[in-house]
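Colleague: Before I ask anything, here is the structure I am working with.
FYI, it's all coordinate maths here, none of it is from the lab. Treat the numbers as computed from the prediction; the structure is a model and nothing was measured. Glycine gets a Cβ as well: all are built from the backbone with ideal geometry, and neighbour counts include every protein chain shown.
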Amino acid sequence: MREGVDFVLSELQRSSFDAQDAAQNKLHDLLRGIVNDMQEVPVSRILVKTALCLTGRSVIPKCVHPKELNLDWLNKINFKSASTDLKLLQRNTILERENKHLRKELLEQKLLLLEYKTATEAKVEEA
């Protein structure tokens, strides 16, 4: 009888580990899909102030009991790559604005230089 109980408990444990592994694989596939979609979708120039946030309950199926889950592997996933991409986009928009402003100033300076040259050439011809 003891062997039967041990067998049933070990099978229950194995099935829960299998379900946990399946949930982890599903989550990894989902996150890979999100990252791939983020690279393919054009991002508008809106500044994002909130960080990416996923809770374990939103991606773990109901058939796995959350108290027995080992979610240490979630800490190993690199969510910082998405936030650095957003920071780069924000920095690029700022640099583009500065570049546009500097080009405008350069054109204004060229216009002033042309006006000055024509004025000085006219004065030289008068003299």
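Colleague: So, with +1 on the Cβ of K and R and -1 on the Cβ of D and E, and no other charges, what is the size of the charge dipole of the range 79-127 about its Cα centre, to the nearest 20 debye?
Modeller: 500
Colleague: From the phi angles alone, apply the Karplus equation (6.51, -1.76, 1.60; θ = phi - 60°) to the range 23-36 and give each ³J(HN,Hα) in whole Hz, x where the residue is Gly or Pro.
Modeller: Computed from phi, the couplings for the range 23-36 are 5, 5, 4, 5, 5, 4, 5, 4, 5, 4, x, 5, 5, 5 Hz.
Colleague: Below 13 Å, Cα to Cα, which aspartates and glutamates can residue 117 reach? Residues fewer than 8 away in the same chain don't count.
Modeller: Cα-Cα hits under 13 Å: 125.
Colleague: Among all the aspartates and glutamates, which ones have a C-alpha under 14 Å from residue 104's C-alpha, if same-chain residues fewer than 8 places away are not counted?
Modeller: By straight Cα distance, residue 104 reaches 96.
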